[in-house]
Amino acid sequence: MEPLIEYLAQSLVEHPEQVRVYRKDMRRSTILKLEVAPEDTGRVIGKQGRVAGAMRVLLQVAARNEEKPVMLEID
């Protein structure tokens, strides 16, 4: 799942070398944290959060077979 989010983010931003995805396993869920360059944050979030929402939907589809729900946080 991390490679999927990393690939999507790198294809959207101007500085793909600064894209980082971290996985944080919690008791009841898994959180993926996406970090990008400050000037690329708007590109990853999109107008009214549409790009971020689409990335979250793709992540949910990819994580259907996982035991715990997976969430995406953008820093």
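Of the residues that make up the stretch 35-49, is at least one without any contact (Cβ under 8 Å) to a residue 12 or more places away in the chain, farther than 16 Å from D75 by Cα and exposed (fewer than 13 other Cβ atoms within 10 Å of the Cβ)?
There is at least one residue in the stretch 35-49 that is without any contact (Cβ under 8 Å) to a residue 12 or more places away in the chain, farther than 16 Å from D75 by Cα and exposed (fewer than 13 other Cβ atoms within 10 Å of the Cβ).
Search the stretch 3-22 for residues being polar (S, T, N, Q) and within 13 Å of the chain's Cα centre (by Cα), and hand back the single one that is surrounded by the most Cβ atoms within 10 Å (Cβ to Cβ).
Q10
When the residues of the stretch 59-75 are filtered to those that are in contact (Cβ under 8 Å) with a residue 12 or more places away in the chain and either surrounded by 15 or more Cβ atoms within 10 Å (Cβ to Cβ) or among the basic types (K, R) (or both), which remaining residue is farthest from L34 (Cα to Cα)?
Filtering first and then ranking leaves K68.
One line per residue, one yes/no per condition, for (1) modelled with pLDDT of 95 or more; (2) over 19 Å from R20 (Cα atoms); (3) out of contact with any helix residue (DSSP H, G or I) (no Cβ under 7 Å at 6 or more places or on another chain):
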site	(1), (2), (3)
L32	yes, no, no
V36	yes, no, no
R50	yes, yes, yes
G53	yes, no, yes
E66	no, yes, yes
D75	no, no, yes
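The values are calculated or read from the model by the stated rules, or taken from the named source; none is laboratory data. Predicted model only: the values in this text are computed from it and were never measured. Cβ coordinates were reconstructed from backbone atoms using ideal geometry, including for glycine residues, and neighbour counts include every protein chain displayed.
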